[in-house]
Structure formats: structure tokens, C-alpha cells
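Just below is one structure, and these are the notes that go with it.
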Amino acid sequence: MDDLDLLKKDWKKQEKNLPHLSYDEIYKMIWKKSSSIVKWIFIISIIEFLLGAVLNFVLADEEYWLQMEKYKLTEFIIGVYIFTYAITFYFIYKFYMNYKKISSTDSASKLMKSILRTRKTVKHYIGFILISSAVVFLVTLYLMLRNHATTAEATTTNMEFDMSQWFIFIGGTLLVLAILLGIIWLIYRVVYGILLRRLNKNYKELKKLEME
């Protein structure tokens, strides 16, 4: 018998003396961890909403609204605020319902479904943030250019771009948009990514538990 066999034999002897957790005990541990993670997702979404509301209130001062009025963007920006807040409230409600469901789950299969549902909701939320940010950026830029062109035409100012200038402008716009979306994605990846990875780990543990 070599050293490895002796080591395995010794380990098996020690394993017999270790306390073995039952199915219910392991399930309760995973359930508590999952419930805590989903609760934190809900709390973070509320904190994020409040921070966004405070920033909008602080940054949207009188000078800001004068600029929006200058470019005839006031109604559009107000519409964006209303739409964004409404969708954010919807996702906060979804996060809360996910937490309530996972807190009252009494079986491993239901807990697995709740974990998958929560992960799906978070991914949809991040997708909404990225898509809405891109759309608002592009629409705002378009409206500003259109209004500026109309003003220039009224004042007989030459606003025509040649082909190379248009390529530079479009390339610069796409680059700025890509950087903006990359920063947003990175922030959400850090904030929610850690929690989602932990949820995924719990899901795998539950799946393994069900197969045993």
C-alpha cells in the first residue's frame, strides 16, 4: 500500500467522525443564503433609484432647464423622466415580489425556479438600462442637431457637412456611446454581478442536492 492509499484510508476514517448534514439542513442553508441575496438585490435597486432621483434633482437646475428649452427638449426630457421612473418602479416591484416568493418557498424545486426568475429579472433590468440609455442619448443628439440646423437655416448660417466630417461625427458619436454604455455595464456588472454569481452557485448546489 503506497502513501496515497494510506492517506485516503486515513481521510475516510476522519470523515466518519465528521457531522453529516441532512437534506433539510443543507436546503435551509441554501434557502437562507438565496433569500438574503435577493433581499439585497431589492435594497440595492431602491438605493439606486433614490440616488438617481437625488442626482436628477441636483443637476437639473434652472440653467439646465434653460438649455433644454433652448433646444426644445423640455417635453422630451420630462417624458424620459416619467417613463424611466415608471419602468424602474416596475422592476423594484418585481424584485420585491421575487424576494417575497423566495422567502416563502418550501421546496428545492420552487427555490430553483425562484433563483432563475430573479436572475432573469436582473438581466432584463440591466438590459433596459443599457437600451434606454442608448436610445435617449441618440434621440437627444438628433433633436439637438435638428433644432440647431433649423436655427442655423433661419439665420442663414452654413451648417452643411462634407462626407469626411459626417464620418468623423458619426464615428465620434458611436465611440462616446460605446464608452458610456461600457461604463454603465461595468458598474452594473460589479454591483449585481457578484450577487448573481452567488445565486448561480446556490442554484448549482440545489441542482446537485436534488440529483443525490
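Scanning the range 69-92 for residues that are in a helix (DSSP H, G or I) and farther than 19 Å from S132 by Cα turns up E69, K70.
Contact annotation: residue pairs with Cβ atoms under 9 Å, 6 or more positions apart or on different chains, pairing a residue in the range 178-195 that is within 13 Å of S45 (Cα to Cα) and in contact (Cβ under 8 Å) with a residue 60 or more places away in the chain with a partner that is among the acidic types (D, E) and surrounded by 12 or more Cβ atoms within 10 Å (Cβ to Cβ), are V191/E48. Within the range 121-140, restricting attention to residues that are aliphatic (A, V, I, L, M) and surrounded by 13 or more Cβ atoms within 10 Å (Cβ to Cβ), the residue that is nearest to I92 (Cα to Cα) is V122.
Values quoted throughout were computed directly from the atomic coordinates according to the rules given, and no laboratory measurement underlies them. Just so it is clear, the model here is predicted, and its values are computed rather than measured. Cβ: placed from backbone, ideal geometry, glycine included. Neighbour counts: every protein chain shown.
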